[in-house]
1. Suppose we keep only residues that are surrounded by 12 or more Cβ atoms within 10 Å (Cβ to Cβ) and under 39 Å from the mean Cα position of the chain (by Cα) within segment 109-128. Which one would you say is modelled with the lowest pLDDT?
2. Among residues belonging to segment 39-54 that are in contact (Cβ under 8 Å) with a residue 24 or more places away in the chain and either crowded, with 17+ Cβ neighbours inside 10 Å or touching a strand residue (DSSP E or B) at 6+ places or on another chain (Cβ under 9 Å) (or both), point out the one that is farthest from L25 (Cα to Cα).
3. Among the residues of segment 160-172, is any over 30 Å from D285 (Cβ atoms) and free of Cβ contacts under 8 Å to residues at least 24 places away in the same chain?
4. On the basis of being surrounded by 14 or more Cβ atoms within 10 Å (Cβ to Cβ) and either of a type in the set (A, V, I, L, M, F, W, C) or at pLDDT below 95 (or both), does N62 make the cut?
5. Return a yes/no flag: does segment 80-95 have any residue that is at pLDDT below 70 and in a loop (DSSP other than H, G, I, E, B).
6. Can you name the residue in segment 272-289 that is closer than 14 Å to L222 by Cα and out of contact with any Asp or Glu (no Cβ under 6 Å at 6 or more places or on another chain) and is also surrounded by the fewest Cβ atoms within 10 Å (Cβ to Cβ) among such residues?
7. Given the criteria of a type in the set (D, E, K, R) and without any contact (Cβ under 8 Å) to a residue 60 or more places away in the chain, does D243 qualify?
Amino acid sequence: MAIQSMTGFARQEGEALGCRYVWELRSVNGKGLDLRLRLPAGFEALEQPVRKAAAAELTRGNVQISLSVTGTGTATEAVVNETALEAVIDLVNRLGTRIDASKPSLDGILNIRGVLEFRDTELSEADRVTRDAEVLAGFKTAIAELKAMRLSEGQALSRVLGGQIDRIEALTLAVETDPSRSPDAIRARLAEQVAALMDTGAALDRDRLHMEAALIATKADLLEEIDRLKAHVKAARVLLAVDGAAGRRLDFLAQEFNRETNTICSKSNAASVTAIGLDLKVLIDQFREQVQNLE
């Protein structure tokens, strides 16, 4: 299973024992897997199988699952309300001895409200199980289509993220090779700062001054941050290449990219390095925004 996006849509229609059903699935970003089901009356038994089937295919995302059904697959039968019929007949007999009128016809009696009722015959347990199994099979087809769409979008996102990682690596190398980071440039810059302090005429301990200069040079060194950025680039490429959910781990790496870049910007004593660091921050924000879409 390749890396997936968390957004997608699927629709699946079918028939089962005379009823027509439609599954609709919509998936968007989410921190975990949140399944929201809407099932019509009479199909409540499908909830747990549907949740199990969805969880077997998806790891993250807010997924809305709705089932609509037209027709119930049941037959309609006419049923005589015997109690109401007996009451009508009894009334007709009692009034017939008092009123000279023709006897009511059968269709007239049946048209009296409450005498004749129409009811849907209920499915047998065996038929209900068969119907639910067919509807569930339709859902499994729909979840497979949703997963296929998420996989396709995930592949496209992987290519975008891969390009962004390449640019992050290129900017990291630009920081590493910036002329301001050469030993000669660092020494010259420190020498200028020390000379400027000595020229003030203030009583300064030369040895202490050189010790502080060495400490400043050590703090300004960006090698550690550059090495960590390179390691994060390598880790991100590995995550994009492996199968399975990688969104959370890539999001963590995006935070680490940002942490190292902030440190570079704060330690930088050259405008060129600071400019590269700002470009890195913009690129990392774009990277993290795309990562939010991955499972």
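1. Step by step, filter segment 109-128, then rank; the result is L123.
2. Just the residues of segment 39-54 that are in contact (Cβ under 8 Å) with a residue 24 or more places away in the chain, to begin with: 39-40, 42-43, 45-46, 49-50, 53-54.
Still in the list and also either crowded, with 17+ Cβ neighbours inside 10 Å or touching a strand residue (DSSP E or B) at 6+ places or on another chain (Cβ under 9 Å) (or both): 39-40, 42-43, 46, 50, 53-54.
On the way: L39: 12, P40: 15, G42: 20, F43: 17, L46: 15, V50: 12, A53: 13, A54: 10 Å.
Top of the filtered list is G42.
3. no
4. Numbers: surrounded by 14 or more Cβ atoms within 10 Å (Cβ to Cβ): yes; either of a type in the set (A, V, I, L, M, F, W, C) or at pLDDT below 95 (or both): no.
When the stated conditions are applied, N62 does not pass them.
5. From segment 80-95, those at pLDDT below 70 are none; that's our starting set.
Checked segment 80-95: no residue is at pLDDT below 70 and in a loop (DSSP other than H, G, I, E, B).
6. So the first thing to find is which residues in segment 272-289 are closer than 14 Å to L222 by Cα, and the list is 272-274, 276-277.
Checking the rest, the ones that are also out of contact with any Asp or Glu (no Cβ under 6 Å at 6 or more places or on another chain) come to 274, 276-277.
Numbers: T274: 17, I276: 23, G277: 22.
Here the answer is T274.
7. On the way: of a type in the set (D, E, K, R): yes; without any contact (Cβ under 8 Å) to a residue 60 or more places away in the chain: no.
Taking the combined requirement at face value, the residue does not satisfy it.
The values are calculated or read from the model by the stated rules, or taken from the named source; none is laboratory data. Model, not experiment: these values are computed from the prediction. Positions of Cβ are generated from backbone atoms using ideal geometry, with glycine treated the same way; all protein chains shown enter the neighbour counts.
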